[in-house]
1. Would you work out which of 233, 250, 222 lies farthest towards the positive end of the dipole of segment 216-276? Charges go on Cβ: Lys and Arg +1, Asp and Glu -1.
2. On average over all directions, what projected area in square nanometres does the chain have, based on the convex hull of its Cα atoms?
3. Output the pairs from 67/99; 152/265; 6/207; 99/165; 161/202; 152/215 with a Cα-Cα distance over 24 Å in this structure; if there are none, say none.
4. About the Cα centre of the chain, what is the dipole size in debye to 20, counting +1 per Lys and Arg Cβ and -1 per Asp and Glu Cβ, all else neutral?
5. Which residues make up the longest stretch of the chain clear of GluC sites (Glu not before Pro) that lie in a DSSP loop with no more than 14 other Cβ atoms within 10 Å, not counting the sites?
6. Using the Karplus curve 6.51 cos²θ - 1.76 cosθ + 1.60 with θ = phi - 60°, what ³J(HN,Hα) values do you get for each residue of segment 210-226, in whole Hz, with x for Gly and Pro?
7. Which of 201, 115, 124 ends up with the largest GNM mean-square fluctuation for the chain, with Cα atoms connected below 10 Å?
8. Out of all DSSP beta bridges with both ends in the chain, state the antiparallel percent to the nearest 5.
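The numbers here are math on the coordinates, done by the rules we state, and not lab data. Everything numeric here is computed off the predicted structure, so don't read it as measured data. For neighbour counting, all protein chains shown are included, and Cβ atoms are generated from backbone atoms with ideal geometry for every residue, glycine included.
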Amino acid sequence: MNFFSKTMTLNNFDSVPYLTYNSLSEIDFINHAFSTRLGGVSTGEFSTMNLALNRGDNPDSVIENYKRLCKSAGFSFESLVASAQDHNTFIRNVTAENKGVGIYRPRDIESVDALITNTRGVTLVTYYADCTPLFFVDTKNKAIGLAHAGWKGTVGRIGQKVVEKMTAVYGSDPANIKAAIGPAISVCCYEVDNACADNFLKMTDLKPENFVFPKADGKYMIDLPECNRRQLVCAGVPEENITVSDLCTNCNSELLWSHRATRGKRGTMCAMMCIR
Ligand SMILES: [Zn+2]
């Protein structure tokens, strides 16, 4: 397997691999990671690092996968709090009371596609297999956020909403927010039909000619990371504070879970982030 990225580092490849953003690793008060499909104990179509408890995998294997990933990437298993993603744009402010929810304690809420916190020692966990992960760090007020932006969440402007929510709840100034986008299915591989593309073409304030590309056969290629990047800029995050991953999930399907590459027979990756 060839790995090359200018934006991300592949850590612990020989044991339990995980990716980190070079730009976020510079921030000393957080820990962050993005899992791969390698280094777990799941079998069959979930081989081997699957973090989804809701896709039919053996729950004991999934919990073991969490423990392995936590150990490898330096997180406490007890500190994890999961989202409950359904392609909407609800954002949950989590605290120490929510530790374990969706992982070793039952879900207590439906429809949460983004998590934010300013509590130390609480690890946010969100899920991906082509959809776009969004990482947010307010470097001044010490608050963080993770969001899941598939095409619906992107059209719903979930990234913009997270910036607004961090401003409202933590007093964050968007100028102090550092963000990272991806790894996701990228413009090389993300083809959609006319009905889906229409939603993106309507986002005229973001100049859709930069992320919607018509093809000769009537279909469209969509650049989800670029559409999300433009939303963050629109919300006031400085361009130089935003890193877009150069890894496409579909192009790197030996390392990363891709819904398209596996035709849906797959495990799920997660993003993790906490304030130390
Ligand atoms: Zn690709």
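1. Farthest towards the positive pole: 250.
2. Numbers: hull surface 54.1 nm².
So the Cα hull casts an average projection of 13.5 nm².
3. In this structure, 6/207 exceed 24 Å between Cα atoms.
4. Value, rounded to 20: 340 debye.
5. Numbers: sites that count: 26, 110, 254.
Counting at most 14 other Cβ atoms within 10 Å as exposed, the longest clean stretch of the chain is 111-253.
6. Running phi through 6.51 cos²θ - 1.76 cosθ + 1.60 with θ = phi - 60° gives 8, 9, 10, 10, x, 10, 5, 8, x, 8, 9, 9, 10, 9, 4, x, 5 Hz.
7. Of the options given, 201 has the highest mean-square fluctuation.
8. Here the antiparallel bridges make up roughly 75 percent for the chain.
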